[in-house]
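The next block holds one structure in the form of structure tokens; read it before the comments.
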Amino acid sequence: MKINLLARFAESIFWLARYMERVENLARLLEVTETFTYDARGNQDWEAILEINADMTRFRAGHKEVTLRSVAHFYILDGANPTSIVASLDMARENARSLRHLISTEMWNQINVFHGRVKALDRRDVSPAKVSTVCRMIKEGCQAHTGITEGTLYQDEAWNFYWIGRAIERADQTSRLVDIGYLRAIRTSRDLSSRAQDTHWGALLRSATGYHAFRRVHRIRTDAVEVIRFLTQDEALPRSLLTCVGGARALTRGLETRHGMNTGRAALATLDGIDKHLRGTDVAALLDAGPHAFIDDLQCRLAEYTQVLGRDCFAQDA
Amino acid sequence: MQKLFENYDPGRFFCELFGPPRSNRRPVSAQVAKIVRRLNGFNLGALRRRSREADQELYNLGITFTVYTEQTSVDRILPFDVLPRVLSAQDWAVIERGVRQRIEAINLFLHDVYHDRKVLKDGVVPEDLVLGNPHYCPQMAGVKVPGGVYVHVCGIDVVRDRDGSFKVLEDNARTPSGVSYVIENRHLMLRTFPDFVANVGIRSVSDYGPRLHQALVQVAPGGKRDADVSVALLSPGIYNSAYFEHVFLAREMGVPLVEGRDLTIEKDRVYMKTAAGLEPVDVIYRRVDDAFLDPQAFNPNSVLGVPGLFAAYKKGGVTLANAVGTGVADDKAVYAYMPRIIRYYLDQDPILENVETYICREAEGLAHALAHLPELVVKPVGESGGYGVLIGPQASAAAIAKRREELKQNPANYIAQPVVDLSVCPTLTPGGVEPRHVDLRPFAVTGNGTWVLPGGLTRVALTKGSLVVNSSQGGGSKDTWVLED
């Protein structure tokens, strides 16, 4: 007989996916910041990351200066920082551990070995000479996980919850990138069309793996409005907000159409709302006002979706 | 190149590969001779390298048990010895029949103890030993269990004495663990030594999961077609040291691995909380001890349990495997009566004898124990995992004196046995291939009938001369081969 997925496992696999997505994005952001964000005097902007993630206070408690070394330590190795890569991977592995009988052996094996490799890193591995190699290793560890999951995870409801988690987290991460990108832009120069801005918007696009795709679509010089529109409303960029939300919608709808569950309906309705909101947004006007309030609102809407999903599908008390 | 077994000397012990002591160290059969020849094809360095690869694989796969200290938790592997323990088809036939017989008797005994108590009235087993036993569950009196099966999964610890005969050391009728290692050890062996295992003719261990599932379906509460029976495995959760095994078994059976918080009771039926709402559960293979099953019926502080589970069970709304209260049958004191229990219910001689046992709660047994303390093994009846065991010949005078006092203070807490000269098996050690003592835990599954997994868990005492095979005390394991006829 078919047994439906336990609510606790639905929640665990949703979070396994979110933590892995989070780790991948953070590793990419650190790598891109390290490689592409030198200003004319060779300085890098590490503060924006801390500000956008609202981590400045916690960072200050353990580190004095905002440097590549200290920020990399904080975000990669610092187990006391709940937003660090190590902490996220711990959570991912704990979730995977409770899912071990459901996920493929290959998935578990890779997570276990990858987690061990990251746990074995020390301060020397986040030195300026090595940090980009380490970030690449971490990113590739996440991508190997993604590939193994795509190729081995049985496509029942658990599969839907997994990919919903990836999509929702990815949307959340891209919204943060837009926030950081804008902050860096106005900080680097008041002139939004200078050459420094070109590299800057390039770095933002690279953080969302959209640089070359953007070039194919816009062969003119980088334009702030077009970059933000690309990250927000493009329907082909895997990490754009609209793509992520569209993916989550299809997967949430699939809970009912493919698996006969009616407990995802309310959550689907919130996603429909987000989709409509994104499509209706005027990006040029958004940039005039500064995108922070818009991003904040979007993140709240995504959190609301997660909360409704938790209430209806993860058997959480409302 | 040195032959692996050139300096191998099992001394005065029975060797699993080379037979009785002083038998000129010839392999016990033509089949074993072939295995030994193949092993000799490896040099020590190659064997060590493969052994390291096997250990690494166990870590990577997370085939580990978790050891908790005050601050931290460490994942440990059960050390795997690459030299297999081999059992002939004839030896296995004896163990298999013996295990079946014992389980049949244990189930009849439990049914009797919780219903008519004839065995007590007839004076076969002392009444106070059973009714006053901490594992006796008064709430189980009169409770009907499907098919009269109390012990669905049983692990019986068997040792081989110096004369080559098998003897039962202990019955495990509550929640015996270790079966996952039997199967994972085999898979590991196949991966690490594909050239070694080819064409030997080893009985497969891979169908344990489906067999267990089938047996559990057979004992479901009545009224459902087999295909509609819903089975779940109840685990204390990821922090339990046997969690890997729970994962393994849930996966092999294809059933959900649930924790107490995933279950709820409505009108004496058990339901699990799924992403689509509540769904019924008919059979629970539980790896949670009796005391923690249901805070309403047993330990009120248990957070692992399901409130109301026992009431539903009593009314036949769900089957628990193993049944509640089976500990009264695997108690070390009741063990001493097992040969008599077998004769009483089955009118047969035991196929597997007990190790000779002195029951210290009886005056005669206590007198013998006190008089021969330095030669005996003295075990507390309520402990498991090898804790609190005194091995007379290896103990200090102070330890013996201490145990003497404990025996006088609380004789009913102990049994005494002569030291069994556990058989040895060639084992890879830092000093080369050396004899190490082994035992065997065959696993039996009971639904409509009893099926015994061919082989079982061979535990090996890795410390030279040690007789303690428990994983908590430096034991490892071996792949166990039952040869085809």
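Just so it is clear, none of the values below were taken in a lab; they were calculated from the coordinates. Remember, it's a predicted structure, so these values are computed and weren't measured experimentally. All Cβ positions, even for glycine, are placed from backbone atoms using ideal geometry, and neighbour counts span all protein chains on display.
Observations on the model:
- Extension gain, A:GLU256-A:THR152: 0.36 nm per intervening residue step, less the Cα-Cα distance, totals 35.2 nm.
- Restriction of the trypsin sites (Lys or Arg not before Pro) in the range B:124-187 to DSSP coil positions whose beta-carbon has at most 14 other beta-carbons within 10 angstrom yields B:LYS144, B:ARG162.
- Alpha-carbon spread of chain A, three principal axes, descending order, Å: 67, 47, 36
- Taking a straight line from the alpha carbon of B:LYS144, these lysines sit under 23 Å away, with near neighbours fewer than eight places off in the same chain left out: B:LYS118, B:LYS121, B:LYS224, B:LYS267, B:LYS314, B:LYS315.
- Three semi-axes of the equivalent ellipsoid, the protein assembly as shown, Cα gyration tensor, whole Å, largest first: 59, 32, 23
- Longest exposed-site-free window of chain A, the sites being trypsin sites (Lys or Arg not before Pro) in a DSSP loop that have at most 14 other C-beta atoms within 10 Å: A:65-129
- Extended-chain gain in nm, criterion 0.36 nm per residue less alpha-carbon gap, B:LYS118 and B:ASP55: 17.6 nm
- Debye log10 I(q)/I(0) at q = 0.05, 0.06, 0.08, 0.09 Å⁻¹ for chain B, Cα point scatterers: -0.19, -0.28, -0.50, -0.64
- Hydrodynamic radius (Kirkwood) for the range B:356-418, which is based on Cα pairs only, to one decimal in Å: 11.2 Å
- Neighbour-limited loop hits for trypsin sites (Lys or Arg not before Pro), the range B:229-279 (at most 15 other Cβ within 10 Å; DSSP other than H, G, I, E, B): B:LYS267
- Of the residues A:CYS135, A:HIS212, A:CYS244, the one whose Cα sits farthest towards the positive end of the charge dipole of the range A:7-313 is A:CYS135 (charges of +1 on Lys and Arg Cβ, -1 on Asp and Glu Cβ, taken about the Cα centre).
- Burial ordering of B:LYS314, B:LYS224, fewest other beta-carbon atoms within 10 Å first: B:LYS224, B:LYS314
- Per residue, chain B reaches -9000 deg cm²/dmol at 222 nm when only DSSP H runs of four or more residues are counted, each adding -39500 (n - 2.57).
- At most 12 other Cβ within 10 Å, DSSP loop - chymotrypsin sites (Phe, Trp or Tyr not before Pro), the range B:159-242: B:TYR239
- Among the listed pairs B:LYS167/B:LYS478; B:LYS34/B:LYS464; A:LYS139/B:LYS273, those beyond 29 Å (Cα-Cα): A:LYS139/B:LYS273
- Per-selection metrics, the range A:116-194 (Cα): Rg and Dmax in Å: 17.9, 52
- Neighbour-count order for A:LEU298, A:LEU68, fewest beta carbons within 10 angstrom listed first: A:LEU68, A:LEU298
- Using only Cα coordinates, the Kirkwood hydrodynamic radius of the range B:283-435 works out to 18.7 Å.
- Exposed loop sites here are GluC sites (Glu not before Pro) assigned a DSSP state other than H, G, I, E or B and surrounded by at most 15 other beta carbons within 10 Å; excluding them, the longest clear run of chain B is B:71-355.
- Using alpha-carbon coordinates, inclination of helix A:157-188 to the longest axis of chain A, degrees: 10 degrees
- Cβ-derived FRET efficiency at R0 56 Å, B:VAL94 paired with B:ALA398, nearest 0.05: 0.85
- Between B:ARG203 and B:GLU6, the FRET efficiency from the beta-carbon distance, with R0 = 25 Å, is close to 0.25.
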